[in-house]
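Data first, discussion second: the structure below is written as structure tokens.
The values are calculated or read from the model by the stated rules, or taken from the named source; none is laboratory data. Keep in mind that this is a model prediction, so the values were computed, not measured. Don't worry about glycine lacking a Cβ; one is built from the backbone with ideal geometry, like all the others, and counts go over all protein chains shown. In case anyone asks, the SASA skips ligands and DNA or RNA and just uses the protein heavy atoms, side chains included. Shrake-Rupley method; radii C 1.70, N 1.55, O 1.52, S 1.80 Å.
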Amino acid sequence: MENEYYPGDSRDILEKEEYLAHVIYETGRKQLLEEHLKNVAEFAGKICPLPELKNLSYLTGILHDIGKA
């Protein structure tokens, strides 16, 4: 089957990786990329003044740091 999942394939590896968006070395605080992207997306969607562009703003927030992954 084409869609079968096998332990150890690339999906298994990606699920275990922790991609960091920010690290504050003085305190040791780490912000995972997933958390950061969701926060920015929610903020962008909320502050967008045009209702017809809220979804695009949200998507832009999700994608803005995708190159870190």
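Applying the selection to the stretch 35-51, what residues are part of a helix (DSSP H, G or I) and crowded, with 17+ Cβ neighbours inside 10 Å?
Step one: list which residues in the stretch 35-51 are part of a helix (DSSP H, G or I), which gives 35-47, 51.
Matches in the stretch 35-51: HIS36, LEU37, VAL40, ALA41, ALA44, GLY45.
Output yes when any residue across the stretch 52-69 is in contact with a helix residue (DSSP H, G or I) (Cβ under 9 Å, 6 or more places away or on another chain), in a loop (DSSP other than H, G, I, E, B), open to solvent by 80 Å² or more (accessible area, probe 1.4 Å) and modelled with pLDDT of 90 or more, and no when none is.
yes
Quick one: what pairs do we get from the stretch 43-69, first residue within 20 Å of LEU33 (Cα to Cα), second open to solvent by 90 Å² or more (accessible area, probe 1.4 Å), C-beta under 7 Å, 6+ apart or different chains?
Hits for this filter: ALA44/TYR58; GLY45/TYR58; GLY61/PHE43.
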